[in-house]
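The values are calculated or read from the model by the stated rules, or taken from the named source; none is laboratory data. Just so you know, these numbers come straight off a predicted model, no measurement behind them. Positions of Cβ are backbone-derived with ideal geometry, glycine not excepted, and every protein chain shown enters the neighbour counts. In case anyone asks, the SASA skips ligands and DNA or RNA and just uses the protein heavy atoms, side chains included. Shrake-Rupley method; radii C 1.70, N 1.55, O 1.52, S 1.80 Å.
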Amino acid sequence: MSTSGSTGADDGLVRLQKLLAQSGVASRRKCEELMLAGLVEVDGEVVTRLGTKVDPRTAVIRVEGRRLPPVTDHVYLVLNKPRGVVSTMTDPQGRRTLGDLVAERPERLFHVGRLDTDTEGLLLLTNDGDFAQRVAHPSYELSKTYVAEVAGVVEKATVRRLLAGVTLEDGPVEVHKCRVVSTTTDRSIVELVIHEGRNRIVRRLLDEVGHPVRRLTRTAIGPVVLRGLRPGQLRELTREELGTLLDAARL
């Protein structure tokens, strides 16, 4: 961060209030008011001097406590993965892949984590390799929300059992939230939130408590939700979503 107003124009530094306005925080005047009110931080320090210049690519900026993502050439996308699509960019067996869904994108994209071929829903894609590795890593404990259609009627006792924790052959699974959305005579819709991404974890978990999964959709990762995306559709992460994910992954 530079606190001098005389820095050369070719050094990549930008006046903070201009950067805030260009990032869509508010009008330039309102951004100046936010700074003067002590509501803007750069690299952990409150900045109130209106001449302050920052590097938009590296500065960690917060407005009223919320992270503002850096200016970058990277892209961060949300995909609603359809059922039957393999969570790889290519497939030697010729099955439909994520690569087929983003074939028109110019970037070389990575998928953040994966979904089973027969599971649909939210998947993150990016060309930022560090982001992909960190967000997918279990140590950062991003919550993942799933909606499952299962066989049978899920009783309250089963919900309590899930919330108490279930041990599978590869170790215990902690369920942070669980609720029955609806039931009929022979099936239930269940929503649950877990933090981990072991292979087929939700299917194995519900199978263990006697309710095999018929259909499974991931509806959210941390703050990111599908927002009505049709299967196969993409959208960019919002500024707020990306800022929260960068903080969660400590990037």
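Leaving out ligands, DNA and RNA, and with a 1.4 Å probe, what % of the accessible surface on the chain is carbon or sulfur?
Carbon and sulfur together cover 47 percent of it.
If I model a spin label as a point 7 Å beyond the Cα along the Cα-Cβ vector, how far apart are those points for Glu149 and Leu234 in nm?
Taking the two extended label points, one gets 2.9 nm.
Could you tell me the center-to-center distance, by alpha carbons, between region 74-110 and region 195-223 in angstrom?
22 Å
Sort all Cα-Cα distances of the chain into consecutive 10 angstrom bins from zero, then give the percent of pairs in each bin up to the one containing the longest distance.
7, 26, 26, 20, 13, 6, 1, 0
Place the peptides 89-102, 15-28 in order of packing, highest mean first, counting for every residue the other Cβ atoms within 10 Å and averaging per peptide.
Result, highest mean Cβ count within 10 Å first: 15-28, 89-102.
What lysines does Lys177 reach when the alpha-carbon gap must be under 28 Å and sequence neighbours fewer than 8 apart in one chain are set aside?
Lys81, Lys144, Lys156
Residues of the chain: accessible area per residue at 1.4 Å, in Å²?
Heavy-atom SASA per residue in the chain reads 52 Å².
Under 5 Å between amide hydrogens, which residues at least 5 positions from Thr97 or on another chain qualify, with H placed 1.01 Å from N in the peptide plane?
Sorted by chain and number, the residues that satisfy this are Val86.
Residues with amide H under 5 Å of Val173's amide H, sequence separation 5 or more or different chain, H placed in the peptide plane at 1.01 Å from N; which?
Amide H neighbours of Val173: Val166, Thr167, Leu168.
Antiparallel DSSP bridges in the chain: what percent, to the nearest 5?
Bridges in the chain are about 95 percent antiparallel.
I'd like the Karplus ³J(HN,Hα) series for region 210-221: coefficients 6.51, -1.76, 1.60, θ = phi - 60°, whole numbers in Hz, and an x wherever there's a Gly or Pro.
In residue order, the calculated couplings are x, 10, x, 7, 9, 8, 9, 10, 8, 9, 7, 10 Hz.
Place the peptides 215-222, 139-146 in order of packing, highest mean first, counting for every residue the other Cβ atoms within 10 Å and averaging per peptide.
215-222, 139-146
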